[in-house]
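Worksheet: the structure to be examined is printed underneath.
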Amino acid sequence: MKTYVIGLDYGTDSVRAVLVNSADGAEVASSVHYYQRWKEKQYCKPIINQFRQHPLDHLEGLENTIKGVMQESGVPAASVKAICIDTTGSSPMALTAEGQPLVFEEGFEENPNAMMVLWKDHTAVKEAAEINELCKSWGGPDYSKYEGGIYSSEWFWAKILHIIREDAGVKEAAHTWMEHCDYLTYVLADNKDLESFRRSRCAAGHKAMWHSEWGGLPSKEFLSKLDPELAALRDRLYTETYTSDEAAGNLNEEWAEKLGLTTDTVIAVGTFDAHAGAVGAKVQEHNLVRVMGTSTCDIIVADNEDVGANTVNGICGQVDGSVIPGLVGLEAGQSAFGDLLAWFKDVLSWPLETLVYTSDILTEEQRSALKEQVDNTFIAKLSEEAASLSADQSIPIALDWINGRRTPDANQELKAAISGLSLGTRAPHIFNALVNAICFGSKMIVDRFEAEGVRIDSVTGIGGVARKSPFIMQTLADVLNKPIMVAASDQAPALGAAIYAAVVGGVYPNVNEASKHLGSDFEAEYQPQSDKLAYYEELMAGYTELAGFIETTITKNK
């Protein structure tokens, strides 16, 4: 009997499941579920950078996508050997002592603080600053050491500290907190003991300051200086962590019946989407994998002997086994990549939304058809026009900090900016500037890795932007002056999760071997154009100058 594995990838807007033939990596079936409450923009306040998600969106997606791939494929339930889940992060959520999301309890049904705090939620900027100050001054270990030396408002402790200060009810009612990838794995697994449940090494190491050097999570003494509740919470969290080639348990009876599977199916320890995506793209040493979507996560692996106790400043952590067990996984990224271009599309779409699509001159069918046509061609047309601009035209300089800066050197208070506008500046010029900005932000990350001794020979792009925008990918290759391969799979993170599942299910002995057989092929390659290198170096100098001015002058005087 043929055997299969399932990878689930929870993104910002949707979850997708992929059913993979464990012999050759063929994607037999896939299914996508969009979060309905999130789509309706419930529980979010973008003006204050509050982004929360209701766990029902995730549970409905879990059921619908797995049922979807099983029904589409028709494979026998007994042939599904294992399931692995990857999610966004850091996206923690308060749970009761029974392991239920707090939002399911009476009195918390509509409370955003009792829901999942999404990765892009930046309400904890003040708390992150306190953590950073304490790490450097308290007299004990610098717990941010392996987090790039700067703890971010996007991460576990800062978000929890913000919530318990803001909401006494949640503070008193929450028994523990779980990362998104841990919670959904917990939902499926048969081990319901919160104390012994296997938490993700990837999530704990990159976002919660867990490290073997100090025996796990930050000490109670350190946490109590932030808030005594954090010290008490530490006792209700975990000590050990596990990599995703290890089992969290078997599928429990409730969900086996719900999904039409068997309790013989093994559930892998959860992980983060970017790290799974790197595995799906066959990541190797000296190869930087860029997961390019609304934001970016940049993943590279290195040998322990090469990295050792050396730390790379200003990144999102370096964790033994967070990508491939036996290698150190290093993470960086940009808080906005596709989001910056989506913001510009929204700005330009305002007159269409308010004047054209509401016009009585058009029928409902015409409005719908026009909107669909614009949505399908908007970015493509801007890209076409921007690519046709000659080098002698004045292109503005823009910054990519529309949602703050993740790396290098996290600072979520920073804002984007554009300089060099004139009466001759048109939409394609600004779009070109924004594309340059996200590529220059990428260059800053690559330069930081290499300055800290992490060699990068090539880049792999995965995700919608990588596959759909040759203009952006060629610009990125020219700016980085490195070759870029594009993974062919639409579902590289889900495929990576499936690769972990294939190891946990006993099909392959380790992640490297599974990745060789099941990882994505490549569909495109971009080489840097030698005649463009000097041009982008000049623009990059303008980006660096504007970035320094905004950070040291505008932000300082704000």
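Rule-based calculations on the coordinates, nothing more; no lab input. Remember, predicted model here, so these are calculated numbers, not experimental data. Reconstructed Cβ throughout: ideal geometry from the backbone, glycine too, with neighbour counts over all protein chains shown.
Highest average first, the peptides 511-524, 455-468, 115-128, 78-91 ordered by how many other beta carbon atoms sit within 10 Å of their residues are 78-91, 115-128, 455-468, 511-524. Note: relative contact order over the chain, using C-alpha pairs below 8 Å and six or more positions apart, is 16 percent.
If you average the C-alpha positions of the stretch 419-474 and of the stretch 510-549 separately, how far apart do those two centres end up, in angstrom? Taking the Cα centre of the stretch 510-549 as reference, the centre of the stretch 419-474 is 8 Å away. Label-to-label distance, Leu533 versus Glu110, with points set 7 angstrom from Cα along the beta-carbon direction: 6.0 nm.
Using equal-weight Cα scatterers in the Debye expression, the normalised intensity of the stretch 89-200 in log10 at q = 0.24 Å⁻¹ is -1.29. For the stretch 357-504, the C-alpha radius of gyration sits at 1.31 times the compact-globule guess of 2.2 N^0.38 Å, with N the residue count.
In the chain, the DSSP beta bridges split such that about 70 percent are antiparallel, to the nearest 5.
Each Lys or Arg adds one and each Asp or Glu takes one away; over the other residues whose Cβ falls under 15 Å from the Cβ of Pro470, this sums to -1. Loop-located trypsin sites (Lys or Arg not before Pro) in the stretch 1-57 (DSSP state not H, G, I, E or B) with no more than 13 neighbouring Cβ atoms inside 10 Å: Lys2, Lys41.
For the stretch 161-217, the relative contact order comes to 18 percent (Cα pairs under 8 Å, sequence separation of at least 6). Electrostatic bookkeeping for Ile160 treats Lys and Arg as +1 and Asp and Glu as -1; over the other residues with beta carbon under 13 Å from its beta carbon, the sum is -3.
Spin-label model, Ala391/Asp457: points 7 Å from Cα along the beta carbon direction are separated by 3.0 nm.
Filter the cross-link list Lys39/Lys468; Lys41/Lys345; Lys126/Lys171; Lys81/Lys516 down to pairs whose alpha-carbon distance in this structure exceeds 26 Å. None, as every Cα separation is 26 Å or less.
Placing +1 on the Cβ of every Lys and Arg and -1 on the Cβ of every Asp and Glu, with nothing else charged, gives the chain a dipole about its Cα centre of roughly 680 debye. Within the set [x] 23.0, 70; [y] 25.4, 78; [z] 24.3, 89, the number that Rg and Dmax of the Cα atoms in Å takes when calculated for this structure is listed as [x].
Across the stretch 1-118, the convex hull enclosing all Cα atoms gives 120 Å³ per residue.
For the peptides 243-252, 382-391, residues were scored by their other Cβ atoms within 10 Å and the scores averaged per peptide; the highest-first order is 243-252, 382-391. Working from label points 7 Å from Cα in the Cα-to-Cβ sense, the Ile47 to Trp343 distance is 1.7 nm.
Computing FRET efficiency as 1/(1 + (r/R0)^6) for Asp447 and Asn304, where r is the C-beta to C-beta distance and R0 is 35 Å, gives about 0.90.
When each of the peptides 321-328, 399-406, 482-489, 104-111 is scored by the mean number of other C-beta atoms lying within 10 Å of its residues, the order from highest to lowest reads 399-406, 321-328, 482-489, 104-111. One Cα centroid belongs to the stretch 199-261, the other to the stretch 108-124; the line between them spans 19 Å.
Each Cα pair under 8 Å and six or more residues apart adds its separation to the average, and for the stretch 221-375 the resulting relative contact order is 15 percent.
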